[in-house]
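Asks: Just passing along the structure, written as structure tokens.
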């Protein structure tokens, strides 16, 4: 599926980061934007054997997912062999990374492997990049751990190289900070919005980050696909999600606060489908990633949305 597919122009209500006076909550303004088709990805975790990878990939394709993604961390399997194995068991499923640690790679060497994956998958590969944040992994790889600013600069360098030499391979950059989101807005095709804080009547962090991306992207904003990682999904009839993944990344928040973060879904299948529609209509987010342990439950949401 083309990541730039757009289906209609519509005028919708979009939250801005400004706050109305009188305690009335975030201001709402009308914006005209292109409504994209939904895309859904699943993060692969169970990679104990080739057959397990193939089974998971086939299942993801059968459930209606568009993309299978793997992370890039030391201590976990290397992304390229896992994704190549998944490709042999599928025909329409796109394969990607969420996300490469750009600072681990020389651009030309990374581009060589990406080009091979693009060709072997007949154009189904998508590149996800991040600036790296786990110092212990840099230490284990015997690599220096630069400042955050230097890591972002290097990520921009890698992205520029890939866009120049592999213009037909979509690039996602995932992050939350101003510097990395500026690089994403100006160079990537897909923006991975991560680390969204709790929404209150006075503050909507997701709307603020999207507004920042819009300003940084300028005229190319309409071309961008906005992505959100869903970290909590109910897996039984209770409608209550397990917040363990969300809590891992935001341990300072209470459960009540975690429930208001953008990556948490709750309620029935209908409730969750309505929330996904709202995220597209209100914020312009159309590409959602869930974790493998949530894939069966979330597949019902996909069915409801298509």
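Asks: Once you sort the root eigenvalues of the Cα gyration tensor of region 117-219 as a ≥ b ≥ c, which label holds: rounded (a/c under 1.5), prolate (a/b larger than b/c) or oblate (the other case)?
Replies: Here region 117-219 falls in the oblate category.
Asks: To continue, here is another question. Nearest 500 deg cm²/dmol is fine: what mean residue ellipticity at 222 nm does the chain get from its DSSP H runs of n ≥ 4 alone, each adding -39,500 (n - 2.57), divided by its residue count?
Replies: So the calculated ellipticity at 222 nm is -11000 deg cm²/dmol.
Asks: Under the 0.36 nm per residue contour assumption, what length would be gained going from the current alpha-carbon distance of residue 108 and residue 248 to full extension?
Replies: 47.0 nm
Asks: Find the centroid of the Cα atoms in region 285-306 and in region 108-182, then give the distance between the two in whole Å.
Replies: First find each Cα centre; the distance between them is then 26 Å.
Asks: Follow-up. Could you work out how far apart the two model spin labels at residue 200 and residue 76 are, taking each label as a point 7 Å from the Cα in the direction of the beta carbon, and quote it in nm?
Replies: Between residue 200 and residue 76, the label points sit 3.2 nm apart.
Asks: Let me ask something additional. For residue 256 and residue 136, FRET efficiency with R0 = 30 Å and r from the beta-carbon atoms, rounded to 0.05?
Replies: Given R0 = 30 Å and the Cβ-Cβ separation, E is 0.40.
Asks: Of all DSSP beta bridges in region 35-305, what percent run antiparallel (nearest 5)?
Replies: So the antiparallel bridges in region 35-305 amount to around 0 percent.
Asks: Report the label-to-label distance for residue 186 and residue 274 in nanometres (one decimal), using points 7 Å from each Cα along the Cα→Cβ vector.
Replies: Using points 7 Å along Cα→Cβ, the separation is 4.2 nm.
Asks: Related question: What per residue convex hull volume, in Å³, do the alpha-carbon atoms of region 35-305 yield?
Replies: 131
No lab work stands behind these numbers, since they all come straight from the coordinates. Because the structure is a prediction, the values reported are computed rather than measured. All Cβ positions, even for glycine, are placed from backbone atoms using ideal geometry, and neighbour counts span all protein chains on display.
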